[in-house]
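The values are calculated or read from the model by the stated rules, or taken from the named source; none is laboratory data. In this text, all values refer to a predicted model and were calculated from it rather than measured experimentally. Note that we place each Cβ from the backbone using ideal geometry, even for glycine, and neighbour counts take in every protein chain shown.
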Amino acid sequence: MDCDIFPPNANDTTQQVLNNIAIRYLLFIPPSTGEEFNGFLSYLQKVRETLIVSVEQGSLIIILECRSLQILEGLWKDYCSGYLNEMAQKYLVTNDFLQESGLLEVKLITTILEEDYRACRDCFLQFPAAGELIFDVLL
C-alpha cells in the first residue's frame, strides 16, 4: 500500500503515516481499536479467505496467501474494482487515526502487480491440485 496525505506535512512523511497504520492496526492490537482491526482483517480473512503472512514496512506491505484459484480471482476482482482499496481506507484510516496524526486526509492506494496475479493464476491452472500449494500476493 502507498498513500497520499493532506495537508502535506514536514512532520510526517508518507512512510511515517504508513508505518503508524501498520503499528496501530496490523502489528499491535490495542483493545480500543479492535473494531477497526477486526473489520479489515475480517474482510481479508473471512470474505476473501486469504491468510496474512506478514506485514512489513516499506510503503506498507501485506503479504497474503491464496489457497485456491477462486480465492485469488475474488481478491483480484476486488482489487480491480477498487473495493480492496475501499476496505483498506475504511478500516485503516479512521477519524481517531487522523486526529492523532494531525492530518485531514490520508488516501491509501493498494497495489497488486498484474504479473504476480498472473503468475499465481498460471500455477493454479497448470496444477489443478494446487489447492495444496499456497501462493503469495503482495498488497
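Can you say whether I5 is modelled with pLDDT under 85 and surrounded by 15 or more Cβ atoms within 10 Å (Cβ to Cβ), as far as the supplied structure shows? Steps first, please.
Values: modelled with pLDDT under 85: yes; surrounded by 15 or more Cβ atoms within 10 Å (Cβ to Cβ): yes.
The answer is yes for I5.
State the number of residues belonging to segment 100-123 that are over 18 Å from I61 (Cα atoms), part of a helix (DSSP H, G or I) and out of contact with any Asp or Glu (no Cβ under 9 Å at 6 or more places or on another chain).
Residues in segment 100-123 being over 18 Å from I61 (Cα atoms), part of a helix (DSSP H, G or I) and out of contact with any Asp or Glu (no Cβ under 9 Å at 6 or more places or on another chain): 5 in total.
For the structure I just gave you, tell me whether L75 is at pLDDT 85 or above, under 22 Å from L18 (Cβ atoms) and in contact with a Cys (Cβ under 7 Å, 6 or more places away or on another chain). If you could, list the steps in order and put the result at the bottom.
On the way: at pLDDT 85 or above: yes; under 22 Å from L18 (Cβ atoms): yes; in contact with a Cys (Cβ under 7 Å, 6 or more places away or on another chain): yes.
For L75, the condition - at pLDDT 85 or above, under 22 Å from L18 (Cβ atoms) and in contact with a Cys (Cβ under 7 Å, 6 or more places away or on another chain) - is met.
Would segment 82-93 turn up any residue that is at pLDDT 75 or above, in a helix (DSSP H, G or I), of a type in the set (F, W, Y) and out of contact with any helix residue (DSSP H, G or I) (no Cβ under 6 Å at 6 or more places or on another chain)?
Yes, some residue in segment 82-93 is at pLDDT 75 or above, in a helix (DSSP H, G or I), of a type in the set (F, W, Y) and out of contact with any helix residue (DSSP H, G or I) (no Cβ under 6 Å at 6 or more places or on another chain).
Select from segment 97-119 the residues that are buried (at least 18 other Cβ atoms within 10 Å of the Cβ) and β-branched (V, I, T) and list them in ascending order. So that I can check it myself, show each step before the final result.
Applying the first criterion (buried (at least 18 other Cβ atoms within 10 Å of the Cβ)) to segment 97-119 yields 97, 101, 103, 106, 108, 110, 112, 117.
Once the filter is applied, which keeps residues that are buried (at least 18 other Cβ atoms within 10 Å of the Cβ) and β-branched (V, I, T), segment 97-119 yields V106, T110, I112.
So which residues in segment 121-132 are at pLDDT below 90 and surrounded by 14 or more Cβ atoms within 10 Å (Cβ to Cβ)?
C123, F124, A130
Name every residue in segment 80-96 that is surrounded by 18 or more Cβ atoms within 10 Å (Cβ to Cβ) and either in contact with a Gly (Cβ under 6 Å, 6 or more places away or on another chain) or more than 15 Å from F40 (Cα to Cα) (or both), in order of residue number.
Within segment 80-96, Y91 is the sole residue that qualifies.
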